[in-house]
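Please read the structure below before turning to the comments.
We did not get these values from a lab; they are worked out from the coordinates using the rules stated. Since this is a predicted model, take the numbers as computed values, not measurements. Here the Cβ positions follow ideal geometry from the backbone for every residue, glycine too, while neighbour counts run over all protein chains shown.
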Amino acid sequence: MRYILGETGHMSILHVLHYPDPQLRIIAEPVPEVSRDIRTLIDDMLETMYDAPGVGLAAPQVDVAKRVIVVDITEDKSKPLALVNPEIMRRQGTVQMEEGCLSVPGIYEPVERAEWIKVRALDRGGHVLDIETDGVLAVCIQHEIDHLDGKLFVDYLSELKRARIRKKMEKLRRQTM
Ligand code: GNR
Ligand code: NI
């Protein structure tokens with residue numbers, strides 16, 4: 001089920017699932033072809049990400065179990081990037097960065113990731129795209145690919161921290177219900 005909250009033009013802002021929703025744990029399916037439906041999904045995900053605002057979004061966060069992510073780390077929304085079936089081909093080094101997640105609102109914790117990655121994916125046009133990147137973009141892409149495998153940044157934290165975050169999220173949910 002996709003909950004459409006608002007529409008601007010022909011694009012839609014989608015509902016973002018919150019931890020500990022079990023749908024966030026599903027392993028997303030590869031996309032066989034970048035069809036019109038997939039392009040629509042990409043556009044809606046970009047609009048949802050910009051609206052949040054966030055620097056990335058993965059399809060499972062909007063309850064779509066497909067291997068699609070979008071990212072844009074620019075301040076002026078000038079570099080939208082859509083990756084379909086992204087695969088990390090190479091990784092080098094480690095870096096620690098404070099991470100947040102639209103599915104775990106209000107929580108920011110340091111996570112260790114590869115510093116540099118080479119990623120292969122299909123772009124919005126269905127063409128093979130190879131990206132070599134580091135810094136925030138590399139961290140963001142790794143965070144999003146984790147979502148496709150049912151993994152959240154809180155999984156890298158201690159059990160105690162994760163339990164506290166989970167309680168906080170469940171309390172938040174009760175308050176907004
Ligand atoms: O908006 C987001 N910010 C962010 C900050 C540090 C590392 C990763 C991210 S991704 C996050 C949006 C999101 O939840 N994507 O899945
Ligand atoms: Ni996230």
Applying the gyration tensor rule to the Cα atoms of the chain (axes a ≥ b ≥ c; rounded if a/c under 1.5, else prolate if a/b exceeds b/c, else oblate), the class is oblate
Taking a straight Cα-to-Cα line shorter than 19 Å from K118, and setting aside same-chain aspartates and glutamates fewer than 8 residues away, one finds D72, E87, D130, E132, D134, E144, D146, D149
Highest GNM mean-square fluctuation among R124, R90, R39, for the chain with Cα springs under 10 Å, belongs to R90
Total charge of the residues flanking M89 in space, meaning their Cβ is under 14 Å from its Cβ, with Lys and Arg +1 and Asp and Glu -1, is +1
Yeah, the range 32-91 with a ≥ b ≥ c from its alpha-carbon gyration tensor (a/c under 1.5 is rounded, else prolate when a/b outruns b/c, oblate otherwise) is oblate
Heads up, the range 64-118 by the C-alpha gyration tensor (a ≥ b ≥ c square roots of eigenvalues; a/c under 1.5 rounded, else a/b over b/c prolate, else oblate) looks rounded
Relative contact order as a percentage, the chain, C-alpha pairs under 8 Å and 6+ apart, gives 22 percent
The size of the Cβ-based charge dipole (Lys, Arg +1; Asp, Glu -1) of the chain about the Cα centre, to the nearest 20 debye, is 660 debye
Expected sort for V16, V31, V71, V128 with the fewest Cβ neighbours (10 Å cutoff) up front is V128, V31, V16, V71
CD proxy, 222 nm, the chain: helix-only mean residue ellipticity via -39,500 (n - 2.57) per DSSP H run with n ≥ 4, per residue, nearest 500, stands at -9000 deg cm²/dmol
The answer for the net charge of residues other than Y108 whose Cβ lies under 9 angstrom from its Cβ, with Lys and Arg +1 and Asp and Glu -1, is -3
Candidates T40, T133, T74; GNM for the chain (alpha-carbon contacts under 10 Å) flags as most fluctuating T74
